Amino acid sequence: RAHEKLRLINEAERLQAERARTLIDLDMEKSRMRTIVEALPTAVMVTNTSGEVVLMNPAFLASLDLDESVMAGGKLESYVDDMGFREMVLKLSQGQIDAESEAPTYELVVSDTKYLMARGQSVINENNECMGAVVTFANITSLKMLDQLKSEFVAKVSHELRSPLSTIHEQLALVLKETSV
């Protein structure tokens, strides 16, 4: 009986030591993951299933013109005002968007002179359960400006061509009218 008690105590101590090692390994893995995400040059945000921001990097803060002192842990609305974007991220965070389909994108207007393209993906664990979402951001301001310049150019050329064509059309109508008389 005393032998069995001693064996159980030893087994409990062994399990407790193994649990402590597992927790240390888990903390190291979390730290490694956080370091990698923070070092990425691409803006990254990670949410949990409630849509709370659990991880973000300095590039995310810079892309959204947020203060460097802003910390993770808040609701998404604390970081981004755009309701459409928040709805997309919440659906991704809860696994409501098919993981097999192409990652959804959303064009986010940060200011009159800054545009971002957000691309998100649900995070699915080995049990096929959604754990949240990861969203990356690309600055598309130069593309938007180029598109605007192209539109202005086409409008100007169209206008410039329309004026002489109208004059030619009127002159031809007049000539045709005179020849038919």
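The values are calculated or read from the model by the stated rules, or taken from the named source; none is laboratory data. Keep in mind that this is a model prediction, so the values were computed, not measured. Cβ placement follows ideal geometry from the backbone for every residue including glycine, while neighbour counts extend to all protein chains displayed. Calculation scope for accessible area: heavy atoms of the full protein, side chains included, ligands and nucleic acids excluded. Shrake-Rupley method; radii C 1.70, N 1.55, O 1.52, S 1.80 Å.
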Inter-residue pairs, beta-carbon under 8 Å, first closer than 12 Å to Ile140 by Cα and in the stretch 115-129, second open to solvent by less than 60 Å² (accessible area, probe 1.4 Å) and small (Gly, Ala, Ser), 6+ apart: Leu116/Ala43; Leu116/Ser63; Leu116/Ala138; Met117/Ala138
The stretch 110-124, subset in contact with a helix residue (DSSP H, G or I) (Cβ under 9 Å, 6 or more places away or on another chain) and not small (Gly, Ala, Ser), residue farthest from Phe60 (Cα to Cα): Val123
Some residue of the stretch 88-103 being of a type in the set (Val, Ile, Thr), in a helix (DSSP H, G or I) and touching a residue at least 40 places away in the same chain (Cβ under 8 Å): yes
Qualifying residue in the stretch 37-59 (condition: in contact (Cβ under 8 Å) with a residue 60 or more places away in the chain, open to solvent by 50 Å² or more (accessible area, probe 1.4 Å) and not in a loop (DSSP other than H, G, I, E, B)): yes
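Does Glu77 satisfy being over 21 Å from Thr42 (Cβ atoms), open to solvent by 80 Å² or more (accessible area, probe 1.4 Å), in a helix (DSSP H, G or I) and not β-branched (Val, Ile, Thr)? Give the derivation first.
Numbers: over 21 Å from Thr42 (Cβ atoms): yes; open to solvent by 80 Å² or more (accessible area, probe 1.4 Å): yes; in a helix (DSSP H, G or I): yes; not β-branched (Val, Ile, Thr): yes.
The answer is yes for Glu77.
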